[in-house]
Structures are given as C-alpha cells and as structure tokens.
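Peer 1: Can you read through this structure? Questions will come right after.
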Amino acid sequence: MNKGPPPFSSFRKKSKDPLTNDYPLDHKFSISTPTVAGVALRSTATNKDGVSTVDIGALYKSKKTSIVVKFDAQSNITLTFVLKKIKPLTNFLASFNLHDFESGKVATTLTFTEIAPSTNTIASFRLPNLRSSKLKLQYFDQHATLTSTMALNEAPTVGVSTTIGTPTIAIGAKAANEIFTSKLISFAVGINFNRPDSTASLVLGGNGDTIRALYRYRFDVLKKTAAAVEITRRLSANETDFVVGGCYVFSDQTMVNVKFDSCGKLGAILQRKIIPRSLVSLSSELDMKALHKTPKFGLSLVLKP
C-alpha cells in the first residue's frame with residue numbers, strides 16, 4: 001500500500017464523488033443468483049434511448065481465479081480470465097470475444113507487483129496485433145511517486161507523471177512526448193490537499209489552457225454528508241464552467257445525491273437498499289434553461305438474493 005503522496009492521476013478523483021456518482025437516465029434491471037457450485041448467474045436488461053439490450057452472464061470466483069462469461073442478444077460471447085499470483089507477485093488477465101474469435105483479438109494484461117522494491121509493472125497488449133500495447137512502470141516512495149507509460153506502436157509515445165510530498169499535501173506534474181519527433185503532446189501541473197474532513201486540488205492542464213479547481217468537504221465524521229464544487233476556466237475561450245453537488249446518507253439503506261452545473265442541468269438520484277444486497281435507484285435530470293422540455297428519468301433495480 002502506498003503510504004506516500006497520491007499519484008498525479010488521482011488528484012481530482014477522491015474529491016469528485018458527489019459530482020460524478022452514477023446518475024443513470026436509462027432503465028435497467030439486473031438480477032444475480034449464486035449457485036451451490038460457487039457460480040454466480042447474472043441477467044441484465046437495459047433500455048436506453050428506446051433501444052433495449054439484454055445479456056446473461058456467469059461468474060466463477062476463487063482465491064486465485066475468476067472467470068466471467070457474458071452472452072448478449074447479438075450473439076456476442078465475451079470470456080474473461082483473471083488469474084492472481086500464477087507466479088509469485090504476478091497477475092494475469094485475458095478477455096476475448098468468442099463471436100469474433102477467428103480474428104484472434106485477445107486483450108491481455110500482465111501485472112508484476114514489486115518485482116523491485118516499491119515498484120509495479122503492468123503490461124497490456126492485444127494479440128496478434130501489438131500496436132495497442134502499453135507498458136507501465138509505477139514507483140511508490142514515502143515522499144514521492146513516479147509513473148511512466150510507453151505506448152508501443154508506429155509512433156511510440158512516452159508519458160511520465162510524478163508527485164512529491166506527503167499524503168496530506170503533494171505537488172505533481174505529468175507530460176507526454178512522441179519519441180521519434182520529440183514533440184510535447186501534453187503537460188499538466190497541480191497541487192493536492194487531503195485532510196480527514198476535506199480534499200482540494202488545483203490543476204493547470206490542457207497544455208496550459210485549462211485551470212481546474214476542486215474542493216470537497218465532509219460535514220460529519222461518519223461521512224454521511226458531503227458537498228463538492230469544481231470550477232473550470234478555459235483561458236483561450238474566456239469561459240468558466242462549474243459543477244456543484246452534494247450527497248446525504250439518511251441511513252444505511254438510503255442515500256441522495258444532487259448536482260447542478262453551469263449549463264443549467266439539475267440532476268438528482270435516490271438510492272435505496274431494499275434488502276441487504278439489493279439496490280433500487282431513481283434518477284432524474286432537469287434542464288433549468290428549458291423548462292418546457294420533459295425531464296429525463298432513470299430507474300435501476302439490482303437484485304442479489
């Protein structure tokens with residue numbers, strides 16, 4: 001576990017829960033049933049924008065192995081293997097579409113944990129076409145983190161991100177560069193604050209054209225009530241956008257999330273546990289600048305007996 005500063009990629013993630021929690025505006029029904037053999041069967045039906053889709057899946061999971069098989073109405077069959085610790089400190093993931101198996105498209109990820117002290121190595125590739133392959137190296141220290149990613153294709157690129165500091169306050173930067181042309185593709189810098197009751201970050205990205213400030217505050221120790229705001233300033237367009245949101249947990253069974261953005265979109269979601277492992281979600285989105293339009297509504301029901 002990393003006890004030092006967070007990686008640059010997570011500067012904004014921990015603060016955005018009330019702003020990015022799932023607000024589904026489609027209709028979804030899902031049921032999952034375990035069997036005596038340790039296989040979980042799951043069926044999902046979704047209606048989005050008038051288009052209905054259905055899929056059926058099965059999951060087998062043990063301490064070191066998990067296998068997922070998914071079948072949809074278009075006769076697509078997806079098979080995913082996850083093997084943990086097939087060798088010391090090595091994990092393996094492979095997924096492929098049996099319907100398109102003749103093309104030999106197999107997405108594979110290998111994770112090597114701590115092959116060197118405080119270092120992880122992640123290799124992802126698609127067989128037999130290796131043009132989408134990536135190699136990622138991660139290093140975690142008590143006062144610094146470093147992540148390097150290389151895309152292995154015709155125009156290989158390398159990205160580097162680093163942070164220094166502590167779990168409470170950290171500064172970081174990231175950049176991506178084309179190897180052959182030495183062209184700088186993108187860069188960003190930022191600072192992150194993390195306290196038990198609040199988190200905040202300020203990131204200059206978009207190659208120096210975008211400033212994002214994010215703040216989240218938790219009003220109670222049990223984290224039942226929280227509010228967040230994100231302000232985005234685009235310098236070249238002279239535009240400023242914002243999103244504000246909050247969440248409140250009434251009990252272990254009921255939670256409400258609300259958010260409002262500068263485009264006039266007001267969204268809300270109510271989640272309720274109807275039995276210990278089952279959840280029903282009611283969501284809605286209203287365009288405050290076009291009140292004549294019918295609000296959008298979503299419903300999700302997940303049953304796990």
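Peer 1: Pick from region 158-168 the residues that are touching a residue at least 40 places away in the same chain (Cβ under 8 Å) and more than 12 Å from Ser9 (Cβ to Cβ): which of them is most open to solvent (accessible area, probe 1.4 Å)? Show your work before the answer.
Peer 2: Of the residues in region 158-168, the ones touching a residue at least 40 places away in the same chain (Cβ under 8 Å) are 161-167.
Those left that are additionally more than 12 Å from Ser9 (Cβ to Cβ): 164-167.
On the way: Ile164: 91, Gly165: 23, Thr166: 52, Pro167: 63 Å².
Step by step, filter region 158-168, then rank; the result is Ile164.
Yes/no per residue for (1) of a type in the set (Phe, Trp, Tyr); (2) open to solvent by 40 Å² or more (accessible area, probe 1.4 Å); (3) in contact (Cβ under 8 Å) with a residue 60 or more places away in the chain:
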residue	(1), (2), (3)
Lys265	no, yes, no
Ile269	no, no, yes
Lys273	no, yes, no
Leu279	no, yes, no
Ser283	no, no, yes
Leu286	no, yes, no
Leu291	no, yes, no
Lys296	no, yes, yes
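Peer 1: Is at least one residue of region 71-84 charged (D, E, K, R), at pLDDT 85 or above and open to solvent by less than 80 Å² (accessible area, probe 1.4 Å)? Steps first, answer last, please.
Peer 2: Taking region 71-84 first, the residues charged (D, E, K, R) are 72, 84.
Okay, now just the ones that are also at pLDDT 85 or above, so none.
Checked region 71-84: no residue is charged (D, E, K, R), at pLDDT 85 or above and open to solvent by less than 80 Å² (accessible area, probe 1.4 Å).
Peer 1: Related question: What are the pairs with Cβ atoms under 6 angstrom where one residue, in region 23-46, is closer than 9 Å to Lys304 by Cβ and the other, located anywhere, is open to solvent by 30 Å² or more (accessible area, probe 1.4 Å) and acidic (Asp, Glu)? Sequence gap at least six, or different chains.
Peer 2: Cβ pairs passing all conditions: none.
Peer 1: Looking at Ile211, Ile185, Ile231, which is the one that is β-branched (Val, Ile, Thr), more than 30 Å from Glu285 (Cβ to Cβ) and either open to solvent by 50 Å² or more (accessible area, probe 1.4 Å) or out of contact with any strand residue (DSSP E or B) (no Cβ under 8 Å at 6 or more places or on another chain) (or both)?
Peer 2: Working: Ile211 fails: more than 30 Å from Glu285 (Cβ to Cβ); Ile231 fails: more than 30 Å from Glu285 (Cβ to Cβ).
Residue meeting the stated conditions: Ile185.
Peer 1: Identify, from the list Arg216, Arg195, the residue that is open to solvent by 40 Å² or more (accessible area, probe 1.4 Å) and either touching a residue at least 12 places away in the same chain (Cβ under 8 Å) or in contact with a strand residue (DSSP E or B) (Cβ under 7 Å, 6 or more places away or on another chain) (or both).
Peer 2: Details: Arg216 fails: open to solvent by 40 Å² or more (accessible area, probe 1.4 Å).
Result of the check over Arg216, Arg195: Arg195.
Peer 1: Is one or more of the residues making up region 221-231 within 21 Å of Asp49 (Cα to Cα) and in a strand (DSSP E or B)?
Peer 2: The answer is no, given that none of the residues of region 221-231 is within 21 Å of Asp49 (Cα to Cα) and in a strand (DSSP E or B).
Peer 1: Select from region 22-38 the residues that are more than 22 Å from Asn257 (Cα to Cα) and modelled with pLDDT under 85 and list them in ascending order. Break it down stepwise before answering.
Peer 2: Of region 22-38, the ones more than 22 Å from Asn257 (Cα to Cα) are 31-38.
Of everything in region 22-38, those that are more than 22 Å from Asn257 (Cα to Cα) and modelled with pLDDT under 85 turn out to be Pro34, Thr35, Val36, Ala37, Gly38.
The values are calculated or read from the model by the stated rules, or taken from the named source; none is laboratory data. Here the structure is a predicted model, which means the values were calculated and not measured. Every residue, glycine as well, gets a Cβ built from its backbone with ideal geometry; the counts of neighbours run over all protein chains shown. The area values use the complete protein model at the heavy-atom level, side chains included, leaving out ligands, DNA and RNA. Shrake-Rupley method; radii C 1.70, N 1.55, O 1.52, S 1.80 Å.
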